[in-house]
Amino acid sequence: MLSQSLLNGVRVLRTEARRNIAIVAPALNKASDPIQQLFLDKVREYKQKSSGGKLVDPNPEIEREIKNELDRVAKQFGSDGKTDFTKFPDFKFPEVKIDPITQPAN
């Protein structure tokens, strides 16, 4: 019984390892397709340009549109002017004190 479950486990592990290697191996090698290689080159170029969380190649029109949208959102949600709407909000949940249940003494 135990040996059968071990054999089944080994078979499953071997199959999964073969599938994972078959999926990952092409990604580790250079792209064989010129279009795939071009895509990988563009992704790498984008990764280098996008460091710092800024827009990649922004022009003044796009920056103006972003500023207008952020101003509109600030007005719509009643911002005090100090709130950064591009940042994820910080949530603080205070620890609630729970009174212990007391049992009357007998």
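List of remarks:
- Pairs beyond 31 Å (Cα-Cα), from K47/K67; K47/K75; K42/K92; K75/K97; K54/K92: K47/K75; K42/K92; K75/K97
- Rounded to the nearest 20, the size of the Cβ-charge dipole of segment 48-106 about its Cα centre is 60 debye, with Lys and Arg at +1 and Asp and Glu at -1.
Taken together, the values in this text are just the output of simple stated rules run on the coordinates, not laboratory data. Quick caveat: nothing in here was measured; it's all calculated off a predicted structure. Cβ sites come from the backbone with ideal geometry, for glycine too, and all protein chains shown count toward neighbours.
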